[in-house]
1. Could you size up the charge dipole of the protein assembly as shown around its Cα centre, putting +1 on the beta carbon of Lys and Arg and -1 on that of Asp and Glu, and report it in debye to the nearest 20?
2. Give me the angle, in degrees from 0 to 90, between the Cα long axis of helix A:113-126 and the longest principal axis of the Cα atoms of chain A, rounded to the nearest 10.
3. Can you tell me what percent of all Cα-Cα pairs in segment B:178-265 are more than 21 Å apart?
4. How much of the calculated P(r) for segment A:83-181 lies past 22 Å, in percent of all Cα pairs?
5. According to the Kirkwood expression over distinct Cα-Cα pairs, how big is the hydrodynamic radius of chain B, in Å?
6. Taking K and R as +1 and D and E as -1, what net charge do the other residues with C-beta under 11 Å from the C-beta of A:SER46 add up to?
7. Report the dimensions of segment A:7-238 along its three principal axes from the alpha-carbon atoms, largest first, rounded to Å.
8. Enter the Cα centre distance for the pair segment A:24-51 and segment B:169-204, rounded to the nearest angstrom.
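The values are calculated or read from the model by the stated rules, or taken from the named source; none is laboratory data. Everything numeric in this text was worked out from a predicted model, so none of it was measured. Virtual Cβ from ideal backbone geometry, glycine too; neighbours counted across all protein chains shown. Remember, those area values only see protein heavy atoms, side chains included, never the ligands or the DNA or RNA. Shrake-Rupley method; radii C 1.70, N 1.55, O 1.52, S 1.80 Å.
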Amino acid sequence: MSEAPLLSVRAVDAGYGHVDVLENVSLDVGDRKIVALVGRNGAGKSTLLRTISGLIRPRRGQIAFAGANLAGARPDAIVGAGLLHVAEGRRLFRRQTVDDNLELGRYGLRLTQAEHARRIERIHALFPILREKRGLHAGSLSGGQQQMLAIAQAMMRAPKLLMLDEPSLGLAPVLVDQVLDAIASLRAEGVAILLVEQMVERALEIADDAYVLQNGRIIASGPAREIAAGDALRAAYMGEHGAAARA
Amino acid sequence: MDLDTLAHGLVAGSLYALVAVSFNILYRPSNVFNFAQGELVMVGAMTFASAMSVAGMPWIVAFAATLALVGMICLVEERIAVAPILKRAQTGTAWVITTLAVSLIISNLVGRIWGPDPILVKPPEPLSMDSLNVAGVRISSYEVALVICTVALVAMVERAYQTLQGKAVMAVAEDREAALMRGIDPGRLGRWSFFIGGAFAGMTGVVAAPILYASTSLGPDLLLKGFAAAAVGSIGNNRGALIAGYIIGLTEAFGAALLSPGYQEAVIFLVVLGVLLLRPEGLFGRPSARTV
Ligand SMILES: Nc1ncnc2c1ncn2[C@@H]1O[C@H](COP(=O)(O)OP(=O)(O)O)[C@@H](O)[C@H]1O
Ligand SMILES: [Mg+2]
């Protein structure tokens with residue numbers, strides 16, 4: 001990669017109150033790449049995504065996105081720059097309808113009626129179930145449908161980079177495949193993806209690059225294929241009874 | 001059963017419903033209950049009365065000026081008494097004290113400006129407070145208009161929550177952090193909601209003035225019964241507030257007519273207490289719940 005990456009995290013420290021979680025974390029996501037971020041529970045993966053999306057202020061370090069410095073920027077400004085975060089547990093507006101959730105996905109964007117309709121149309125083509133369920137409360141959808149809605153909601157904004165935190169969490173195996181396939185097809189549409197996923201093998205299959213996080217530090221990085229074959233991954237999951245291999 | 005009592009109950013209930021809706025407008029994005037709301041209604045009534053009778057402004061000008069002023073007061077309250085507290089802890093409850101303090105400050109200041117004498121306010125032409133005989137019920141044209149306008153206003157407010165900005169407010173109410181992740185700025189929606197909720201309280205004062213007279217002692221009574229209507233109707237639920245407003249207004253009217261006027265307050269709060277003991281979340285379910 002010669003030109004600057006789309007997202008570049010440099011030497012970031014972050015945490016909660018007096019708790020330090022991330023230490024000297026650096027990470028790049030290139031244009032139109034899928035980058036997997038793996039590591040066992042509590043390693044700090046969600047904390048890193050939350051820091052990038054502005055929910056947590058980094059104590060130190062730089063975060064550059066599409067040429068602009070985002071460290072310390074407000075979450076709505078970061079979303080406005082085209083960096084979307086689909087949180088762990090999906091965090092949909094459960095008491096609003098599927099259609100309302102999609103509409104909220106474009107909050108603050110000036111879209112013509114026609115462009116709005118076009119985006120909805122494209123989402124329905126990708127996830128037909130969301131058309132079927134359009135008038136229902138998001139909270140009444142199944143886990144897989146909710147995950148699709150969460151991704152679709154982010155797609156309403158046509159983001160440059162999508163950060164997905166454990167999209168397969170709690171899904172039946174068939175649905176895991178469906179969601180991961182959908183993620184791979186997003187790259188084909190020009191969206192870069194930073195993927196946190198417990199199904200490590202599956203994630204590394206669709207990813208271009210990967211980072212391994214352990215106790216708040218990056219212990220390995222490189223092409224996803226090499227990470228999948230390397231020792232760092234096994235070291236990172238040691239003590240979790242091969243949870244990584246099960247995927 | 002006395003139909004006049006029914007009319008009385010509906011008129012009073014309309015005012016309680018309006019106060020309750022003004023509570024809800026502020027509550028939705030902030031989860032804050034503004035205990036100064038009763039005094040804001042009072043300031044609305046007094047400002048409007050002065051603008052009409054002292055400054056001689058046309059009705060519509062006095063109306064607009066009152067809404068703008070009370071909206072601004074409420075926005076200032078948000079900036080100095082609510083935002084700093086929510087900034088420190090989103091789930092803090094110190095706003096109970098600070099909004100009560102604002103209530104007392106307003107009440108004291110207003111006492112200095114206006115004094116205790118109530119001001120008579122005439123309804124806008126062609127409405128009047130003269131009693132008409134509508135199918136055997138004595139009610140004025142202004143009171144009929146008030147009941148109709150109340151229902152229309154609540155419907156309008158509910159429609160506003162169907163716009164994208166309104167849906168964003170509901171999103172903040174449900175999950176503030178999730179809203180942040182969608183590019184919604186809860187602070188901005190909170191400020192707008194305080195301004196609009198304040199203006200709504202001011203408007204309630206304007207429409208109440210011809211019926212109750214504009215008086216500096218208006219606040220506490222409307223605060224209490226408006227609060228009761230909001231709680232019985234499920235906090236955050238405007239349709240619930242409308243129905244609960246009428247329940248409370250009718251209970252009060254019939255309590256006064258059937259028992260003695262001395263017991264009317266007691267009867268209201270027995271009903272409120274009974275409802276909340278059986279259904280702590282109010283008659284209309286979760287705040288802001290919607291059925292499809
Ligand atoms: N709100 C919080 N306050 C304090 N500590 C937290 C908070 N959230 C997470 N942590 C801690 O930060 C560490 C990293 O958590 P997290 O980023 O959620 O890990 P992961 O997503 O990799 O499972 C854990 O030790 C966790 O206990
Ligand atoms: Mg996590």
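1. Values: 48 positive and 45 negative charges, 142 e Å.
My answer is approximately 680 debye.
2. It works out to around 60 degrees.
3. Working: 1808 of 3828 pairs.
Tail of the P(r) past 21 Å holds 47 percent of the pairs.
4. Numbers: 1070 of 4851 pairs.
The proportion of pairs with Cα distances above 22 Å equals 22 percent.
5. Details: mean 1/r = 0.0517 Å⁻¹.
19.4 Å is the Kirkwood radius here.
6. Numbers: positive: A:LYS45, A:ARG50; negative: A:GLU88, A:ASP165, A:GLU166.
Result for the neighbourhood of A:SER46: -1.
7. 46, 37, 31
8. After rounding, the separation between the Cα centres reads 32 Å.
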